[in-house]
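Scroll down for the structure; my scribbles are underneath it.
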Amino acid sequence: MEAFEKRLERKGGTLERAWNDLLDIEHNGKLPARLFVKRCKQHGVSSKVARKLFSVYDVERKGELRLRDL
């Protein structure tokens, strides 16, 4: 998790900016699992790792992530 967050910060400057510019590019405020995995793959994270990250971050098992979940 920490390595993923650091990767986002390197690419986006801050975690919040990376969320907005790299992951939630539609600015909906949330990402369902399949879209999170797709965006992660676009930034060099394997599908397997992205799915694992999603399951770790989705503590409430909502099936979607928000910035506050990271």
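Please work out which option in (i) 3.9; (ii) 4.8; (iii) 6.4 gives mean projected area of the Cα convex hull in nm² calculated from these coordinates, and answer with its label. Label of the calculated value: (i). In the chain, a dipole from Cβ-located charges (positive for Lys and Arg, negative for Asp and Glu) runs towards its positive end, and of 59, 43, 31 it is 43 whose Cα lies farthest in that direction.
For a paramagnetic label modelled on residue 1 (point 7 Å from Cα along Cα→Cβ), amide N atoms under 11 Å away belong, within the stretch 35-57, to 53-57.
Note that the stretch 59-70 has calculated 3J(HN,Hα) couplings of 4, 7, 6, 7, x, 8, 10, 10, 3, 4, 6, 7 Hz, one per residue in order, obtained from phi through the Karplus relation 6.51 cos²θ - 1.76 cosθ + 1.60 (θ = phi - 60°); glycine and proline are x. Taking the Cα centre of the chain as origin and assigning +1 to Lys and Arg Cβ atoms and -1 to Asp and Glu Cβ atoms, the resulting dipole is close to 320 debye.
Every read-out reported here was derived from the displayed coordinates using simple, explicitly stated rules and does not represent laboratory data. Predicted model, so just to flag it, every value in this text is computed and none were measured. For neighbour counting, all protein chains shown are included, and Cβ atoms are generated from backbone atoms with ideal geometry for every residue, glycine included.
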